[in-house]
Amino acid sequence: GRLMEIQSRIALEKHRSFLGRTLSVRMDGPESDSGMLWTGRTRGQAPDVDSRVLVTNGASAPGEVISVLIEEAHPYDLVGRIVAP
């Protein structure tokens, strides 16, 4: 209800602060819903609890740490593309 709306707005505001930044992301593997994106986590994102980073280009081995330029911010996820470190 109302509490989730408030939390969603707070999360979106926090995620917008990452737009245009390059973050180190530890890759988890293919995104389960579509299989077309890969997912990973920054150092501050716990698996199955926090938001995740969706990677729109390329793939890498699970556990590998890559540089991702954040291009979109959503309440539950960040979206970006792999860039050279």
Practice problem: Enumerate by residue number the GluC sites (Glu not before Pro) in the chain meeting two conditions: DSSP loop (anything except H, G, I, E, B), and at most 16 other Cβ atoms within 10 Å of the site's Cβ. | Solution: 31, 64
Quiz item: Going by alpha carbons, how many degrees (0 to 90, nearest 10) lie between the helix axis of 2-16 and the longest principal axis of the chain?
Solution: 40
Quiz item: Under a no-solvent Debye model with one identical scatterer per Cα of the range 1-50, what's log10 I(q)/I(0) at q = 0.23, 0.26, 0.28, 0.29 Å⁻¹?
Solution: -1.05, -1.09, -1.09, -1.10
Exercise. With label points built 7 Å along Cα→Cβ from the Cα atoms of residue 72 and residue 9, find their separation and express it in nm.
Key: 2.3
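Let me have the relative contact order for the chain, percent, based on Cα pairs under 8 Å that are six or more residues apart. Before the final figure, lay out the partial values.
On the way: 175 pairs, mean separation 27.8, N = 85.
33 percent.
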Quiz prompt | the chain: Rg to Rh, with Rh as the Kirkwood radius over Cα pairs | solution = 0.98
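Pulled fully out, how much extra length does the chain show between residue 57 and residue 16, if you take 0.36 nm times their separation in residues and subtract their Cα-Cα distance?
Working: separation 41, 0.36 × 41 = 14.76 nm, distance 2.05 nm.
The residue 57-residue 16 span can extend by a further 12.7 nm.
Run the dipole for the chain about the Cα centre, Lys and Arg Cβ at +1, Asp and Glu Cβ at -1, nothing else charged, and hand back the magnitude in debye, nearest 20.
Numbers: 10 positive and 11 negative charges, 66 e Å.
Dipole size: approximately 320 debye.
Bear in mind that the values in this text are calculations on the coordinates, not laboratory data. If you're wondering where the values come from, they're calculated on a predicted model, not measured in any experiment. Positions of Cβ are generated from backbone atoms using ideal geometry, with glycine treated the same way; all protein chains shown enter the neighbour counts.
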